[in-house]
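Engineer: The structure under discussion is supplied below as structure tokens; questions concerning it will follow.
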Amino acid sequence: METRSAKIMSVLKDETGLTTTEYAVGTVAVAGLSGLLLKLLTSDSLRDLIWSVISNAFSRFFG
């Protein structure tokens, strides 16, 4: 017969549903990071910075 503390320990060690929780947390994190990246890439200052880096690279190689 299982003792009360052994029964509690078996319930606490049960990892059923843990993978689903990990996927949910990962999905929320990726969605948040993609929103931040989208906001950064659509800002005028970052777009101008990227454009100037690309323009300088092409001007050094082609002219």
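Engineer: Just to be sure, is residue 19 surrounded by 10 or more Cβ atoms within 10 Å (Cβ to Cβ), assigned to a helix (DSSP H, G or I), of a type in the set (Val, Ile, Thr) and out of contact with any Pro (no Cβ under 9 Å at 6 or more places or on another chain)?
Structural biologist: Criteria not met by residue 19.
Engineer: Inspect the stretch 3-15 for any residue being basic (Lys, Arg), at pLDDT 80 or above and surrounded by 10 or more Cβ atoms within 10 Å (Cβ to Cβ) and give the result as yes or no.
Structural biologist: no
Engineer: Scanning for something of a type outside the set (A, V, I, L, M) and surrounded by fewer than 10 Cβ atoms within 10 Å (Cβ to Cβ), does the stretch 27-44 turn up at least one residue?
Structural biologist: Looking through the stretch 27-44, at least one residue is of a type outside the set (A, V, I, L, M) and surrounded by fewer than 10 Cβ atoms within 10 Å (Cβ to Cβ).
The values are calculated or read from the model by the stated rules, or taken from the named source; none is laboratory data. Here the structure is a predicted model, which is why all the values come from computation and not from measurement. Every residue, glycine among them, receives a Cβ derived from its backbone with ideal geometry; neighbour counts consider all protein chains shown.
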